[in-house]
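Single-structure report; data block below.
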Amino acid sequence: ELNYKVEKNLIIKVDKEKIIKVINNLINNAIKYSPSKEKIIIKAFKSKASKTVVLEIENTGAIIEEKYLSEVFNPFFRVEKSRNRKTGGSGLGLYIVSQILKSHNLYYKMESKKNSVLFTIYF
């Protein structure tokens with residue numbers, strides 16, 4: 001199930017093609033790693049505190065152990081090696097995402113909540 005709430009008139013100055021690649025990767029990961037009948041929640045809004053645009057992509061029904069959260073951005077790292085056959089991929093997706101976001105000097109974070117994984121980008 002996809003739930004999204006995107007505020008109108010949000011403006012960010014980025015390399016459009018690269019940020020589309022980032023967002024596509026994050027949404028595809030959310031779909032790939034969410035069990036059936038779970039939710040993908042996408043929010044984009046202007047933070048009242050910092051006046052920055054915030055993008056959140058969350059998938060329910062999945063978690064990443066705390067010890068792996070910093071490693072998921074390393075090239076070829078996969079949380080669960082057995083997933084390789086099921087989900088495919090090389091373990092480069094989040095590495096590429098991190099490199100694109102770093103090249104834009106954007107702050108981002110991934111956190112594991114009680115029953116979900118939340119990826120946040122601050123533009």
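To test your reading of the geometry: what angle, between 0 and 90 degrees and rounded to tens, separates the Cα axis of helix 16-32 from the longest principal axis of the chain?
40 degrees
Would you mind working out the magnitude of the charge dipole of the chain relative to its Cα centre, with +1 at each Lys and Arg C-beta and -1 at each Asp and Glu C-beta, to the nearest 20 Debye?
Working: 23 positive and 12 negative charges, 37 e Å.
I would put it at about 180 debye.
Heavy-atom accessible area per residue, the chain, 1.4 Å probe: how many Å²? Numbers along the way, then the final one.
Values: 8290 Å² over 123 residues.
For the chain, the solvent-accessible area averages 67 Å² per residue.
Given Cα pairs under 8 Å that are at least 6 residues apart, what percent is the relative contact order of the chain?
Working: 192 pairs, mean separation 34.5, N = 123.
Here the relative contact order equals 28 percent.
Round to the nearest 10 and report in Å² the accessible area of GLU1, as given by a 1.4 Å probe over the protein chains' heavy atoms.
Approximately 130 Å² for this residue.
If R₀ is 22 angstrom, what is the calculated FRET efficiency for the pair SER50 and ASN3, using the beta carbon separation as r and rounding to 0.05?
Numbers: r = 24 Å, r/R0 = 1.10.
The pair SER50/ASN3 has a calculated efficiency of 0.35.
For the chain, set up a Gaussian network in which alpha carbons nearer than 10 Å are linked by springs, and say which option among LYS16, LYS39, LYS113 fluctuates the most.
Comparing LYS16, LYS39, LYS113 in a Gaussian network model of the chain, the most mobile one is LYS16.
Probe radius 1.4 Å, ligands and nucleic acids ignored: give me the carbon and sulfur share of the accessible area of the chain as a rounded percent.
Of the solvent-accessible surface of the chain, carbon and sulfur hold 52 percent.
Which option, (i) 18.5, 55; (ii) 12.7, 34; (iii) 14.3, 43, is the value of Rg and Dmax of the Cα atoms in Å that was calculated from these coordinates?
Among (i) 18.5, 55; (ii) 12.7, 34; (iii) 14.3, 43, the one derived from this structure is (iii).
The values are calculated or read from the model by the stated rules, or taken from the named source; none is laboratory data. On a predicted model such as this, the values are computed, not experimentally measured, just so you know. So basically every Cβ, Gly included, is an ideal-geometry build from the backbone, and we count neighbours across all protein chains shown. In case anyone asks, the SASA skips ligands and DNA or RNA and just uses the protein heavy atoms, side chains included. Shrake-Rupley method; radii C 1.70, N 1.55, O 1.52, S 1.80 Å.
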